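For reference, the structure discussed in these notes is given below.
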Amino acid sequence: MRTYMIALLLGMAYAAQAQRINRHEVVSRHNVEVRQIDSLSSLSVGNGRFAFTVDATGMQTFPALYAGGVPLGTQSEWGWHSFPNTNQYKFEETLKSYHLQGQDRPYSVQVKSPERSKEAVEYFRVNPHRLQLGSVGLEILLQNRQVATAADIKNIRQQLDLYTGIITSRFTVEGTPVEVITSCHQSGDAVGFRVKSPLVAAGRLKVLVRVAAPTGGWKDVNDNFKGYTKLTTALNGSTIACTADTNKWFINIGGETKVARAGDNVYAVTPARPAAFAFVVSFMPQPSFKRLSAAAVEESSAAGWKAFWESGAAVDFAGSTDPRAKEIERRVVLSQYLTRLQCAGNFPPQETGLTYNSWYGKPHLEMHWWHAVHFALWGRPELMEKSLDWYRTVSAKAEQLAQRQHYSGLRWQKMVDHSGDESPSSVGAFLLWQQPHFIYMTELLYRSRQESPAVIKKYADLVFKTAEFMADYASYDSVRRRYNLGPGLIPAQECFDPLQTYNPTYELAYWHWALQTAQQWRERAGLPRVAKWDAVCAGLAPLPVLNGVYLPAESNPDGYTNSRYLGDHPAVLGAYASIPGSPALDTATMLRTLQLVWDKWRWEDTWGWDFPLTAMAATRLHQPELAVQALLKPIRTNTYLVNGHNFQDERLTIYLPGNGGLLSAVAMMCAGTAADPALKSGFPDNGQWKVKYEGFTKIF
C-alpha cells in the first residue's frame with residue numbers, strides 16, 4: 001500500500017509537471033517581425049523605468065518619419081524639465097470656488113479669464129513635463145557620399161526577441177548588408193549596440209547622438225532639434241553634459257569609440273577599431289557611469305526578461321480551433337512585454353508610458369488601476385507595489401488638496417506630477433474614481449501576499465485616510481435620508497456636467513466596496529470599525545435604475561435616449577466589472593444593462609480600456625462569448641498594432657491602459673473571481689477553446 005501511494009504521488013507530481021506551460025514556446029511564437037519602414041511599427045527596449053524606441057534600423061535614425069506614428073522616444077522616470085516661472089505665477093491663481101454641499105470649495109480648473117489666471121493655468125499644466133533625453137541614430141553615406149535616406153534602406157528584416165528583449169535589425173544599403181543588435185540593461189538606463197557592416201571599415205557608417213530640446217507641448221516626440229537656445233550641451237571625454245534651463249542630465253558613450261562634436265547638440269560616434277563597432281549609451285541624472293560593454297547589456301537583458309517570463313502567470317491558447325484565440329494570445333504576450341518595460345517603475349506611468357509625452361508626460365491616477373493591477377493578477381505583485389510606494393511620498397499634498405476643499409483625509413490627485421503637484425483641469429479636478437484605487441490595489445497586494453500582516457502594517461494609515469475622505473465626501477440628504485455622491489463630480493464617463501451630476505452608478509458601487517474593505521483593514525489591524533463609514537455604506541443612495549436597467553447616473557434619467565450620453569466610457573458596467581458589486585446590485589438588471597450598452601453605445605467614441613471593462617462585466621455575468629467579442633470588437637480604439645501597442649487615434653498612437661486592461665480581463669477569464677465560485681471560465685465552452693493557464697491570482 002505504501003509503495004502504491006508513493007507511486008501515485010510521484011505520478012501526480014509528474015502529471016502536474018507535464019502540464020506546465022512551455023513559456024519560451026508561447027512567448028517566442030509572437031516575436032515581432034518588421035519588414036518595412038512603417039511609423040506605427042517601431043519597437044522598444046526598456047526596463048520599466050527607462051525605455052528606448054527604435055525604427056527599422058535598430059536605432060533612432062529617422063525620427064521625423066516616425067513622429068506621427070509611434071515616435072522614437074528616449075524617456076526615463078527621472079527625466080523632467082520645467083520652463084522658468086518668470087512671471088511668478090502662483091498655483092492659487094488657478095483656483096475657482098464652487099458652492100457645493102453648503103461650502104465654498106476651490107478647484108484647480110482651466111479658465112478663460114482673467115488673462116493672468118488663464119496663463120497661470122497653462123503654466124502649471126505644462127510644467128513640469130517629461131524630458132526626451134536624446135536620440136541615437138545612424139548616418140550612412142552612399143557611394144556618392146550623400147547621406148542615405150529612408151528610401152535607401154532595403155531588404156529590411158527586423159526581429160524583436162521577446163524572451164530576451166533584444167532587437168536584431170538587418171537591412172542593406174546599395175546592396176551592402178548592415179546588422180544592428182539593440183538591447184537595454186535591466187538595472188541601469190543604458191542601451192547597448194553592436195553594429196556589423198563593411199560600411200564601418202569603409203568609413204561610411206557612424207552614429208549620431210543628438211539632444212532634442214523640450215517642447216512644452218501636450219505631445220513631445222523627440223524631434224525638436226533646433227530653435228531652443230536654453231538647451232546647451234558640452235563634451236567631456238565620452239560624456240555629454242546636457243542643460244535645459246536649470247535641468248541637467250548626462251549621456252555617456254561607452255566602449256572602444258571616438259566621440260566628437262558634429263554640430264549644435266550633435267555628437268558623432270565612430271569605432272576606435274574599424275573591425276568592431278560595439279558601444280553603450282547611458283542616460284543618467286548624475287555623471288556616474290558604470291563601464292559597460294554591449295555584450296554585458298545583452299546578457300542583462302536576456303537574464304532579466306527570462307526571469308520575468310518564467311515568473312508569475314502564463315496562458316497558452318495552443319490547440320484552440322476558434323480563429324480568434326491566436327489574436328488574443330498575441331495581444332496578451334505583447335501586452336505583457338510592453339507593460340513590463342513601460343509601466344513597471346517606481347511611479348504611476350503616463351498613458352503613453354516612456355515613449356512620448358501625452359498630457360505633458362504626467363500620470364493620471366484614475367488610470368493607475370489599468371496600468372498596474374494586472375501585475376498582481378498575473379502573479380507579479382512586486383511590480384505593482386513598486387508604484388504603490390509613491391503614494392506615501394505625495395500623501396501630504398493629497399491631504400492639502402482635501403483640506404483646501406474642506407474635507408478630511410486624503411484626496412488623491414488626478415493629473416499629477418511625480419512630486420504630487422496637481423495639474424489644473426476642468427475634468428480632472430472633479431473626477432473621483434481614482435480615490436478607491438489605492439484601497440483596491442493594497443487589498444489585492446494583501447491577498448497576493450497570503451494575507452501578510454506586513455502589508456497591513458505598511459499601508460494601513462494610507463488606507464484609513466483614503467477612506468476618511470470618501471466617507472466625508474458623501475453628503476447626507478436629510479430629506480431622502482441617504483448619502484449622495486455629488487453634485488460636484490464628473491464620473492468615469494466624462495461627458496457629464498460636474499455641477500449637475502450626482503450618484504453615478506459605478507462610483508456608488510466602488511465607494512461601497514472600498515469603504516467596506518477599509519473596515520476590514522481596521523479589523524485586521526485590531527482596531528474598531530468607524531461608525532461613520534458604516535453609516536455611509538448603509539445609507540448610500542441606491543444604484544439608479546430606470547426601465548429595468550442601471551443608469552449611468554441618477555441625475556441623468558435620459559442617459560440612454562440622449563445620444564450625448566451614449567459615448568465615452570461605458571462606466572456603468574464598472575459597477576460589476578473590476579468589483580463584485582455592492583450587496584444591492586441585481587445581476588439580472590446588470591445583464592440587461594450590458595445588453596443595452598452593447599447594442600446602443602457609440603463604440604467609435606470609446607477608449608482602449610473600455611473593451612476589457614466590457615469583457616470583465618460579461619465574464620462576471622457568465623457571458624463568455626460576449627466577453628471574447630468585447631476583447632476583439634473591430635473598433636479603431638481597439639486596434640493592436642504589430643508591435644502590440646493599443647492604437648487610439650493620430651494623437652494617441654499608443655495607449656497602455658488598453659494593454660493593462662486586456663491583461664486584467666484575461667486573468668479574470670482564465671482564473672475566475674473570488675466572489676463567484678460558480679464561474680469556471682470566461683471562454684466559451686464549445687470545444688473550440690483549449691486554454692491552459694497557471695499562476696493567476698483571482699480578482700475579487
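A compact table of results
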{"read-out": "Residue within segment 319-337 that is in a loop (DSSP other than H, G, I, E, B), among the acidic types (Asp, Glu) and surrounded by fewer than 21 Cβ atoms within 10 Å (Cβ to Cβ) present", "value": "yes"}
{"read-out": "Answer from Thr61, Thr3 - the residue that is at pLDDT below 95 and either surrounded by 13 or more Cβ atoms within 10 Å (Cβ to Cβ) or farther than 21 Å from Leu131 by Cα (or both)", "value": "Thr3"}
{"read-out": "Residue within segment 263-279 that is closer than 30 Å to Tyr337 by Cβ and exposed (fewer than 14 other Cβ atoms within 10 Å of the Cβ) present", "value": "no"}
{"read-out": "Residue within segment 167-188 that is free of Cβ contacts under 8 Å to residues at least 40 places away in the same chain, of a type in the set (A, V, I, L, M) and either in contact with a strand residue (DSSP E or B) (Cβ under 9 Å, 6 or more places away or on another chain) or surrounded by fewer than 19 Cβ atoms within 10 Å (Cβ to Cβ) (or both) present", "value": "yes"}
{"read-out": "Leading residue by the ranking (farthest from Ile490 (Cα to Cα)) among those in segment 508-540 that are over 33 Å from the mean Cα position of the chain (by Cα) and among the aliphatic types (A, V, I, L, M)", "value": "Leu527"}
{"read-out": "Only listed residue being under 30 Å from Lys96 (Cβ atoms), modelled with pLDDT of 95 or more and β-branched (Val, Ile, Thr), chosen from Ile490, Ile456", "value": "Ile490"}
{"read-out": "Residue match in segment 568-586 (condition: touching a Gly at 6+ places or on another chain (Cβ under 9 Å), hydroxyl-bearing (Ser, Thr, Tyr) and buried (at least 17 other Cβ atoms within 10 Å of the Cβ))", "value": "no"}
{"read-out": "Flag for Thr466 being polar (S, T, N, Q), within 24 Å of Gly581 (Cβ to Cβ), in contact with a Gly (Cβ under 6 Å, 6 or more places away or on another chain) and modelled with pLDDT of 95 or more", "value": "no"}
{"read-out": "Qualifying residue in segment 47-57 (condition: out of contact with any Leu (no Cβ under 7 Å at 6 or more places or on another chain), of a type outside the set (D, E, K, R), surrounded by 21 or more Cβ atoms within 10 Å (Cβ to Cβ) and in contact (Cβ under 8 Å) with a residue 12 or more places away in the chain)", "value": "yes"}
{"read-out": "Test: Leu138 is out of contact with any Cys (no Cβ under 7 Å at 6 or more places or on another chain), under 30 Å from Thr172 (Cα atoms), part of a strand (DSSP E or B) and not acidic (Asp, Glu)", "value": "yes"}
{"read-out": "Conditions (1) at positive phi; (2) without any contact (Cβ under 8 Å) to a residue 40 or more places away in the chain: number failed by Gly409", "value": "(2)"}
{"read-out": "The one condition in (1) over 16 Å from Phe464 (Cα atoms); (2) in contact (Cβ under 8 Å) with a residue 40 or more places away in the chain; (3) surrounded by fewer than 22 Cβ atoms within 10 Å (Cβ to Cβ) that Gly420 fails to fulfil", "value": "(2)"}
{"read-out": "Residue match in segment 128-137 (condition: more than 32 Å from the chain's Cα centre (by Cα) and more than 30 Å from Gly488 (Cα to Cα))", "value": "no"}
{"read-out": "Candidate set from segment 558-615 (those that are acidic (Asp, Glu) and part of a loop (DSSP other than H, G, I, E, B)); member that is modelled with the lowest pLDDT", "value": "Asp558"}
{"read-out": "Pairs, first under 26 Å from Gly79 (Cα atoms) and in a loop (DSSP other than H, G, I, E, B) in segment 266-295, second of a type in the set (Ser, Thr, Tyr) and modelled with pLDDT of 95 or more, C-beta under 6 Å, six or more apart", "value": "Pro287/Thr239; Phe289/Ser282"}
{"read-out": "Segment 181-209, residues that are part of a loop (DSSP other than H, G, I, E, B) and within 25 Å of the chain's Cα centre (by Cα)", "value": "His185, Gln186, Ser187, Gly188, Asp189"}
{"read-out": "Unique match (being surrounded by 22 or more Cβ atoms within 10 Å (Cβ to Cβ) and among the aliphatic types (A, V, I, L, M)) among Leu652, Leu662", "value": "Leu662"}
{"read-out": "Residues of segment 66-93 satisfying the condition of being in a loop (DSSP other than H, G, I, E, B) and surrounded by fewer than 16 Cβ atoms within 10 Å (Cβ to Cβ)", "value": "Gly68, Pro84, Asn85, Thr86, Asn87, Gln88, Lys90"}
{"read-out": "Total residues in segment 469-516, condition crowded, with 20+ Cβ neighbours inside 10 Å and either within 17 Å of Phe438 (Cα to Cα) or free of Cβ contacts under 8 Å to residues at least 12 places away in the same chain (or both)", "value": "15"}
{"read-out": "Some residue of segment 146-165 being surrounded by 19 or more Cβ atoms within 10 Å (Cβ to Cβ), part of a strand (DSSP E or B), touching a Lys or Arg at 6+ places or on another chain (Cβ under 9 Å) and hydroxyl-bearing (Ser, Thr, Tyr)", "value": "no"}
{"read-out": "Residue match in segment 624-633 (condition: touching a strand residue (DSSP E or B) at 6+ places or on another chain (Cβ under 8 Å), surrounded by fewer than 18 Cβ atoms within 10 Å (Cβ to Cβ) and modelled with pLDDT of 95 or more)", "value": "no"}
{"read-out": "Test for Gly102: is it within 24 Å of Leu199 (Cα to Cα), out of contact with any Gly (no Cβ under 9 Å at 6 or more places or on another chain) and among the small types (Gly, Ala, Ser)", "value": "no"}
{"read-out": "When residues of segment 587-611 are limited to those that are in contact with a Gly (Cβ under 7 Å, 6 or more places away or on another chain) and within 24 Å of Phe438 (Cβ to Cβ), the one surrounded by the most Cβ atoms within 10 Å (Cβ to Cβ)", "value": "Gly608"}
{"read-out": "Filter result for the condition that a residue is without any contact (Cβ under 8 Å) to a residue 24 or more places away in the chain, farther than 21 Å from Pro684 by Cα and surrounded by fewer than 20 Cβ atoms within 10 Å (Cβ to Cβ), over Ala307, Ala303", "value": "Ala307"}
{"read-out": "Whichever residue in segment 189-239 is touching a helix residue (DSSP H, G or I) at 6+ places or on another chain (Cβ under 7 Å) and among the small types (Gly, Ala, Ser) and, among such residues, is surrounded by the fewest Cβ atoms within 10 Å (Cβ to Cβ)", "value": "Gly216"}
{"read-out": "Some residue of segment 302-316 being among the basic types (Lys, Arg) and in a helix (DSSP H, G or I)", "value": "yes"}
{"read-out": "Top-ranked residue in segment 94-142 [being of a type in the set (Lys, Arg) and surrounded by fewer than 18 Cβ atoms within 10 Å (Cβ to Cβ); ranked as farthest from Ala51 (Cα to Cα)]", "value": "Arg105"}
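The values are calculated or read from the model by the stated rules, or taken from the named source; none is laboratory data. The structure displayed is predicted, hence computed values, not measured ones. For neighbour counting, all protein chains shown are included, and Cβ atoms are generated from backbone atoms with ideal geometry for every residue, glycine included.
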